[in-house]
1. Would you check which residues across region 522-537 are touching a strand residue (DSSP E or B) at 6+ places or on another chain (Cβ under 9 Å), open to solvent by less than 30 Å² (accessible area, probe 1.4 Å) and among the aliphatic types (A, V, I, L, M) and list them?
2. Hey, can you tell me all the residues within region 125-158 that are of a type in the set (Ser, Thr, Tyr) and touching a Leu at 6+ places or on another chain (Cβ under 9 Å)?
3. Report the residue count in region 53-88 for those that are of a type in the set (D, E, K, R), outside any loop (DSSP other than H, G, I, E, B) and more than 12 Å from the ligand (Cβ to nearest atom).
4. For region 277-292, how many residues are free of Cβ contacts under 8 Å to residues at least 60 places away in the same chain and outside any loop (DSSP other than H, G, I, E, B)?
5. Test each condition in (1) farther than 27 Å from Ser50 by Cα; (2) within 16 Å of the ligand (Cβ to nearest atom) for Asp419 and report the one that comes out false.
6. Wholly within region 172-276, which strands (runs of 3 or more DSSP E) include no fewer than the required count, namely at least 1 residues that are β-branched (Val, Ile, Thr) and under 24 Å from Asp394 (Cβ atoms)?
7. State all residues of region 54-71 that are open to solvent by 20 Å² or more (accessible area, probe 1.4 Å) and touching a strand residue (DSSP E or B) at 6+ places or on another chain (Cβ under 7 Å); if no residue qualifies, say none.
8. State whether the residues of region 407-425 include one that is of a type in the set (Lys, Arg), surrounded by fewer than 22 Cβ atoms within 10 Å (Cβ to Cβ) and closer than 27 Å to Ala57 by Cβ.
Amino acid sequence: MIETQTTTIKQQQSSAPIEYDAIIIGAGAGGISALLHLRDLGLRCRLFESGGGPGGAWYWNRYPGARFDSESYSYGFFFSKELFQEWKWSEHFAGQPETERYFNYVIDRFDLRRDMQFKSRVDKAHFNDEKNAWDVTLADGTRYRGRWLVAAVGPLTKPQLPKIDGIESFAGEAYHTARWPKHPVSFEGKRVGVIGTGASGVQTIQEVAKSAAHLTVFQRTANYMAPLGNGPVTDEEQEQIQASFEELKRKVNSSYAWFLHTPDQRSIFDVSDEERERFFEEKYNARGMGIWQGNFRDILTDRRANDLISDFIRRKIRERVKDPETAEKLIPKDHGFGTRRVPHETNYYEVYNQPNVTLVDLKATPITRIVPQGVQTSESFHELDMLIYATGFDAITGAFEAIDIRGLGGQKLDDKWIDGPSTYLGVMTAGFPNFYMPAGPLSAQGNIPRTCEYNAWWLAELIRYMQAEGLTYVEPKPEAEEEWTEHARQVQSTLLTSEVDSWFTGVNRNREGRTSRRVVQYRGGAFIYREKCEAAVRNGFPEFIKK
Ligand code: NAP
């Protein structure tokens, strides 16, 4: 399903590599931010992207219904006030086609396209100790060398198919949400199966249910969902948004996870039962992630507090789903609200009131096999014309593992991270000099483009410092990396999330050796993260080995 590669720069495989100051992998928010910042410093950069255009996750995830679930104007770039004011998002939560147009607009507006090379997959990146540079090889064998390697490969970019016997035998149409084709796909009159009910599955299901002859949803773990509250941005709202650049920027930068919503500093137990219920109702009916990201401060740390909000959402599911048996299947029993990623929905629960939709609870009746005509569970056979895998990603480290990355002395990054990733501030790792990972493992979680943009700024600060000091080599000290990794571990252990399997805790049940929990993100809050990063800038980057 991945597009075939062509290169725009033709080069003999045997000739010397083309040299750059920085090679950037990925044209998502991280790669674009890095390219902008590094070019401003006068660096010669080359960006390689396997997709046919910019957007990263928003290029590939073109499944029906794909859209933001953080506000469009908190998701787009903040580096330019002019850009922010020029681009008018049509919806509070923009759909994929608009987002793809936005990324194209940005790269043309800032003349970035000339340094970008699409349909170009990086296969290998090896640090050359002698040259103090990264030797990079594309899938077609062309070679490049860069003093810096910026792997903006994204935490949620390597699609994961389910490990199910017979999967390759299915004779109908089959798609993974993260590799959705560009050509139109019709569900009209078809029997469609969707496996997976995370954020991608939910958005897909809402769309497919509109026209499929029959939709069968295969749900393994029920998730708590909350309404998205999307709608068009009115002219008045547009004006208000455009006039609030500074305020919105301050808001996302000072929130817990770079969203417009941040936890209420009260404990859930500071308020009366009536006030709490009113607060929950307001959040549930408001736009966006407030019910999750802007709730009482203790819902994700105190089990009793979490029980209260989980119970509220369970009641909502029972109210919205007519058939009590189906409602019970849709109610999570094994984790509390918000401890896994909360998908935000638009009439998702009402889909199960439609006569053309069936929910299959895989906890009770697991899939035993996929066969040419459909899906066999332990209980029944589901004949299908189309099967959609909304089964997510090999998250956080998967996209790094897809490239053969080797640091000092040929050490493989996969080997270093075999028991889980370890990094300094989520962006660099010991033994891999001048190797930078925007929104990398153990960086501050939340609104990913915000992390990317911030990390790109920080990289520019680091390079500016190196230029001033005449340095060409930096690598985090092992003790600095250990300290940060341990801090991330410690923070995670205080959260209810740490007790739950999901990509938040590094679990990928479709992969051998990835079934136990790991620490893969930093959850201490974006403000603490920023303070640590900014202290490093102020103090002259003391945590690095420098040459
Ligand atoms: P996901 O959250 O990992 O969900 C994957 C789903 O597939 C889960 O329901 C999972 O069940 C199921 N699954 C996996 N393997 C299976 C198997 N072998 N048999 C049956 N079911 C299986 O992936 P996602 O929905 O693609 O979302 C990933 C992340 O991308 C989100 O959490 C979000 O951060 C991001 N995203 C964002 C947006 C947005 O901004 N609007 C939209 C989509 C995605 P289990 O839970 O039991 O493993």
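1. Ala526, Ala536 - these are the residues of region 522-537 that are touching a strand residue (DSSP E or B) at 6+ places or on another chain (Cβ under 9 Å), open to solvent by less than 30 Å² (accessible area, probe 1.4 Å) and among the aliphatic types (A, V, I, L, M).
2. Narrowing region 125-158 to residues of a type in the set (Ser, Thr, Tyr): 137, 142, 144, 157.
Answer for region 125-158, where residues must be of a type in the set (Ser, Thr, Tyr) and touching a Leu at 6+ places or on another chain (Cβ under 9 Å): just Tyr144.
3. Going residue by residue through region 53-88, those that are of a type in the set (D, E, K, R) are 62, 67, 69, 71, 81-82, 86, 88.
With outside any loop (DSSP other than H, G, I, E, B) added as a condition, the list becomes 67, 81-82, 86.
Keeping just the survivors that are more than 12 Å from the ligand (Cβ to nearest atom) gives 81-82, 86.
Final tally of qualifying residues: 3.
4. Step one: filter region 277-292 for residues free of Cβ contacts under 8 Å to residues at least 60 places away in the same chain, giving 277-286, 290.
Still in the list and also outside any loop (DSSP other than H, G, I, E, B): 277-285, 290.
Final tally of qualifying residues: 10.
5. Answer for Asp419: the failing condition is (2).
6. So the answer is 191-195, 214-219.
7. If the condition is that a residue be open to solvent by 20 Å² or more (accessible area, probe 1.4 Å) and touching a strand residue (DSSP E or B) at 6+ places or on another chain (Cβ under 7 Å), then Arg67 is the only one that fits.
8. Of all residues in region 407-425, those of a type in the set (Lys, Arg) come to 412, 416.
The next check asks that each one be surrounded by fewer than 22 Cβ atoms within 10 Å (Cβ to Cβ); those that pass are 412, 416.
Okay, now just the ones that are also closer than 27 Å to Ala57 by Cβ, so 412, 416.
So far as region 407-425 goes, yes, one or more of its residues are of a type in the set (Lys, Arg), surrounded by fewer than 22 Cβ atoms within 10 Å (Cβ to Cβ) and closer than 27 Å to Ala57 by Cβ.
The values are calculated or read from the model by the stated rules, or taken from the named source; none is laboratory data. If you're wondering where the values come from, they're calculated on a predicted model, not measured in any experiment. Ideal geometry is used to build each Cβ from the backbone, glycine not excepted, and the neighbour counts take in all protein chains shown. Keep in mind that these areas ignore ligands, DNA and RNA; they rest on the heavy atoms of the full protein, side chains included. Shrake-Rupley method; radii C 1.70, N 1.55, O 1.52, S 1.80 Å.
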